[in-house]
Amino acid sequence: MRLRKTAVALGLGLALSLTACGANSSGGSGSGGESAAPSSGGVKVGVILPETDSSARWEGFDKPMLDKAMRAAGLDPDIQNAQGDEQKFSTLADGMISSGVKVLVIASISSDGGSAVAAKAKAQGIPVIDYDRLNLGGTSDYYVSFDNEKVGALQGQGLAQALQGQQGAQVIEIEGAPTDNNATLFYNGQQTVLKPMYDSGALKLVRSQPIDKWDNQVGGTTFEQILTSNGGQVNGVVAANDGLAGAVVTVLTKYGLNGKVAVTGQDATADGLQAILRGDQYMTVFKPIQEEADATAKLAAALAKGDTATADATATQTVADPKGNRQVKSVLLTPQLITKDNVKVVTDAGYVKASDICVAETQAACTAAGIK
Ligand code: BGC
């Protein structure tokens, strides 16, 4: 707090000279004014990613893919990660806004945190793109993601397929963060398949538990508690992503149950794909993040020029924000179900390298699946 006041005082002259509406827009408008990132000559765009611990995707896929796509679109991206810290998320945004980014791209930790940042940017006339996670009740101009209910439906479908013929199979659900709208959409999608099966008794729901911040470790300990209090009985686990699935498989292995229980996942990470090839995880969902990065770069490049016609022609879908009671212009890409039979799709797409997933214990499965 104290720091911010000092920064506002120091930055006042700058803020006044930058924009007439700076004075009463927000306290964050003057958080330094110096840009840390070296410029490559393109148009400055700020990108804030939410965490690293919840999934290997953010640092392993999103960051390099956004960087490449944005540079190819003539932009000069400054890509930072808030490491699951709301305060850091807000401070990073303040710094980017005052360093003069022309567009801000945010994958937020929570809708509230993301919406606060979007409002600050908007007050400075900076367009905001919600990246992957929609900020409910927010004001961002555009949203780029996947069809997230479809992601959940694929998880439900995968689990139902794996448990086919096991009448009354017991299922534990380890879900994503309650503050991430995607986790809600994944859950809703899963339930389109699973709820009727719970209702008919084809499957039995033991417990469904959301995991704060998608914390993989907490996911594992929570799963272990549910498993032991259910007398060690489980046939299927909905794990909302590969990180949570990995934690679940570690617990299953401790109890000698890995390979005997169907586990879902998401993100097509190298670890998730290896677990599938080993037979410890049943499925994952492949979301080609390069397409998400490319669409975001295209939108950002248009918005940086004030070209909303091109942006609107790119974001032709809409997503409902029930909290803000509005429709948000969107690009929604298509996810794909991956099981042992089609892991090759992911390596053929160049998303992960065969050498990242074909290791000693998976080599036979790789050979059988034609992955080289
Ligand atoms: C993303 C998933 C990711 C999860 C945890 C979600 O918002 O869509 O791909 O696994 O966050 O980081």
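The values are calculated or read from the model by the stated rules, or taken from the named source; none is laboratory data. The shown structure was predicted, so the numbers you read here are calculated from the model rather than taken from an experiment. All Cβ positions, glycine included, derive from the backbone under ideal geometry; neighbour counts span all protein chains shown.
A compact table of results
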item	result
Residue satisfying condition, being closer than 26 Å to residue 214 by Cα, modelled with pLDDT of 95 or more and outside the structural domain of residue 235 (by TED's automatic domain parsing), within set 272, 324, 279	324
Residue list for the stretch 257-269, filter: surrounded by fewer than 19 Cβ atoms within 10 Å (Cβ to Cβ) and among the small types (Gly, Ala, Ser)	259
Matching residues, the stretch 116-147, being more than 16 Å from the ligand (Cβ to nearest atom) and among the aliphatic types (A, V, I, L, M)	116, 117, 118, 119, 121, 123, 126, 128
Evaluation of residue 209 against (1) assigned to a helix (DSSP H, G or I); (2) within 16 Å of the ligand (Cβ to nearest atom); (3) touching a helix residue (DSSP H, G or I) at 6+ places or on another chain (Cβ under 7 Å) (one fails), failing number	(1)
Some residue of the stretch 115-133 being surrounded by fewer than 24 Cβ atoms within 10 Å (Cβ to Cβ) and either outside the structural domain of residue 49 (by TED's automatic domain parsing) or within 18 Å of residue 214 (Cβ to Cβ) (or both)	no
Positions within the stretch 45-92 being more than 16 Å from the ligand (Cβ to nearest atom), surrounded by fewer than 18 Cβ atoms within 10 Å (Cβ to Cβ) and in contact (Cβ under 8 Å) with a residue 40 or more places away in the chain, in sequence order	68, 72, 74
Residues (crowded, with 19+ Cβ neighbours inside 10 Å and more than 12 Å from the ligand (Cβ to nearest atom)) located in the stretch 238-256	238, 247, 248, 249, 251, 252
Positions within the stretch 288-300 being in a helix (DSSP H, G or I) and within 22 Å of residue 349 (Cβ to Cβ), in sequence order	289, 290, 291, 292, 293, 294, 295, 296, 297, 298
Hey, residue 163 away from the ligand (no atom under 16 Å from the Cβ), crowded, with 20+ Cβ neighbours inside 10 Å and not assigned by TED's automatic domain parsing to the domain that holds residue 260 or not	no
Candidates 124, 167 - the one that is touching a residue at least 60 places away in the same chain (Cβ under 8 Å), out of contact with any strand residue (DSSP E or B) (no Cβ under 8 Å at 6 or more places or on another chain) and polar (S, T, N, Q)	124
Pick from the stretch 278-302, criterion away from the ligand (no atom under 16 Å from the Cβ), farther than 21 Å from residue 240 by Cβ and surrounded by fewer than 24 Cβ atoms within 10 Å (Cβ to Cβ), ranking: nearest to the chain's Cα centre (by Cα)	294
Strands (runs of 3 or more DSSP E) contained entirely in the stretch 301-347, each with at least 1 residues that are of a type in the set (A, V, I, L, M) and within 15 Å of residue 129 (Cα to Cα)	317-321, 326-333
Some residue of the stretch 58-72 being within 26 Å of residue 211 (Cβ to Cβ), among the basic types (Lys, Arg) and not in a helix (DSSP H, G or I)	no
Residue that is nearest to the ligand (Cβ to nearest atom) [pool: residues in the stretch 170-183 that are in contact with a strand residue (DSSP E or B) (Cβ under 8 Å, 6 or more places away or on another chain) and among the acidic types (Asp, Glu)]	175
So residue 95, is it in a loop (DSSP other than H, G, I, E, B), more than 19 Å from residue 289 (Cβ to Cβ) and either more than 17 Å from the chain's Cα centre (by Cα) or within 16 Å of the ligand (Cβ to nearest atom) (or both)	no
Enumeration of residues in the stretch 318-345 that are more than 18 Å from residue 162 (Cβ to Cβ) and either loosely packed, with under 14 Cβ neighbours inside 10 Å or without any contact (Cβ under 8 Å) to a residue 12 or more places away in the chain (or both)	318, 320, 322, 325, 326, 327, 334
Hey, residue 163 closer than 30 Å to residue 234 by Cα and of a type outside the set (Ser, Thr, Tyr) or not	yes
Residues located in the stretch 359-372, provided they are without any contact (Cβ under 8 Å) to a residue 24 or more places away in the chain and of a type outside the set (S, T, N, Q)	360, 364, 368, 372
